[in-house]
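Q: My structure is below; once you've seen it, I'll send some questions.
The values are calculated or read from the model by the stated rules, or taken from the named source; none is laboratory data. Nothing here was measured: the structure is a model prediction, and the numbers come from that model. Reconstructed Cβ throughout: ideal geometry from the backbone, glycine too, with neighbour counts over all protein chains shown. For the accessible areas, the whole protein counts, side chains as well, though only heavy atoms, and no ligand, DNA or RNA atoms are used. Shrake-Rupley method; radii C 1.70, N 1.55, O 1.52, S 1.80 Å.
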Amino acid sequence: MEAINDVHVSEPGLVVIDIAAADDETAFTFHTALAARWATTSVERTTRDPGQPGVRLRCYLDLRQPLSYPEST
């Protein structure tokens, strides 16, 4: 993965999340759960590191936003 850019952690409440998962579906499901509660960047694809198991996904999260909770059904 690329190095973390200073701007992504320039203020308290900004978080860089690196997700390692067995497969794309698991990584995207976890990102969806984060995005349901906090402001996150959108993600379109995972990456694979040669010689490493699974996939990787990076997203950026803003904890300064008020928490939202998914509606119960």
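Q: Output the residues belonging to the stretch 49-73 that are part of a loop (DSSP other than H, G, I, E, B), modelled with pLDDT under 90 and either of a type in the set (Asp, Glu) or surrounded by 15 or more Cβ atoms within 10 Å (Cβ to Cβ) (or both).
A: Result: ASP49, GLU71.
Q: Let me ask another. Can you tell me which residue is modelled with the lowest pLDDT among those in the stretch 1-14 that are β-branched (Val, Ile, Thr) and either open to solvent by less than 40 Å² (accessible area, probe 1.4 Å) or part of a helix (DSSP H, G or I) (or both)? Working first, answer last.
A: Within the stretch 1-14, the subset β-branched (Val, Ile, Thr) is 4, 7, 9.
Imposing the further condition that a residue be either open to solvent by less than 40 Å² (accessible area, probe 1.4 Å) or part of a helix (DSSP H, G or I) (or both) reduces the set to 7, 9.
Values: VAL7: 55, VAL9: 59.
For the stretch 1-14, the residue satisfying everything is VAL7.
Q: Can you name the residue in the stretch 30-48 that is open to solvent by less than 50 Å² (accessible area, probe 1.4 Å) and more than 22 Å from GLN65 (Cβ to Cβ) and is also farthest from the chain's Cα centre (by Cα) among such residues?
A: Filtering the stretch 30-48 down to residues open to solvent by less than 50 Å² (accessible area, probe 1.4 Å) leaves 31, 33-36, 39-40, 43, 46-47.
Cutting the leftovers down to more than 22 Å from GLN65 (Cβ to Cβ) gives us 46-47.
Details: THR46: 11, THR47: 13 Å.
Per the stated criteria, the residue is THR47.
Q: Also, quick follow-up: Please find, within the stretch 17-29, the residue that is nearest to the chain's Cα centre (by Cα) out of those that are surrounded by 14 or more Cβ atoms within 10 Å (Cβ to Cβ) and farther than 12 Å from GLY54 by Cβ.
A: Start the filter on the stretch 17-29 by keeping residues that are surrounded by 14 or more Cβ atoms within 10 Å (Cβ to Cβ), which leaves 17, 19-21, 24, 26-28.
Adding the requirement that they be farther than 12 Å from GLY54 by Cβ leaves 17, 28.
Working: ILE17: 5, PHE28: 9 Å.
For the stretch 17-29, the residue satisfying everything is ILE17.
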